[in-house]
1. Using every Cα-Cα pair within the protein assembly as shown, state what percent have a distance larger than 33 Å.
2. Determine the shielding of peptide A:100-112 by partner chains: average, over its residues, the number of Cβ atoms on other chains within 10 angstrom of each Cβ.
3. Share of Cα-Cα pairs in chain A beyond 19 Å, in percent?
4. Below 8 Å between Cα atoms, with a sequence gap of 6+, how large is the relative contact order for chain A in percent?
5. Can you tell me the relative contact order of chain B? Whole percent, Cα pairs under 8 Å, sequence separation 6 or more.
6. Write down the percent of antiparallel bridges among all DSSP beta bridges whose residues are both part of the protein assembly as shown, to the nearest 5.
7. How well do other chains shield peptide B:84-93, expressed as the mean number of their Cβ atoms within 10 Å of each residue Cβ?
8. Averaged over its residues, how many other protein chain Cβ atoms are within 10 Å of peptide B:44-55's Cβ atoms?
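What follows is calculated from the coordinates using simple rules that are stated; it is not laboratory data. Please read all numbers here as calculations on a predicted model, not as lab measurements. No Cβ is skipped: glycine too gets one built from the backbone with ideal geometry, and neighbour counts run over all protein chains shown.
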């Protein structure tokens, strides 16, 4: 079974600084997708960024970028120029055609003014 | 598009009562998912549908839980009888089966007392 592990239950960052959230996963599949979802206090699950495993280029969405290391099965999220509105729980997730979204435990990010 | 719409947003019920959670997916999406979120177990996939047909219900906790999707624009998750351990946030999400990553609703917070 596929597993997703987020080893950092909590992280904090100063406003305008950069923070990296870690995620590792375990799979025997070669074709899959990886995601980062954000869950603010409103509890809405918001898709932040996604990465196709067959693409070598790391995905980028404005201030959010990933470092995808397929061989190491690592998928970290970098948030640049952190803003107060970035404070949320962040979930790493994995999906392949044979199984639907599997989530990690989450990392609670605090942004300090 | 109004996104995935879930109702009610909050539900408080007494143990033993029947509870029905509702979901309206995004128009045009052909897959629908029900997730449950708790502090202890994180985000768990309960069941998912493709073209209104249940594909995998292995995540449904027990016979007290049932889900239906009578048409492409409506799904329900029913718990009968409800128990305190069913207290959680229940999310509905919809997507395109040929694509990856879903759009989540705002969730229903269920409290069983």
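1. When all Cα pairs of the protein assembly as shown are counted, 17 percent exceed 33 Å.
2. 3
3. Summing the P(r) tail past 19 Å for chain A gives 40 percent.
4. Dividing the mean separation by the residue count of chain A yields 37 percent.
5. Contact order relative to length: 37 percent.
6. Once the DSSP bridges in the protein assembly as shown are tallied, antiparallel ones form about 90 percent.
7. Average neighbour count from other chains, rounded to a whole number: 1.
8. Going residue by residue through B:44-55 and averaging, the value is 1.
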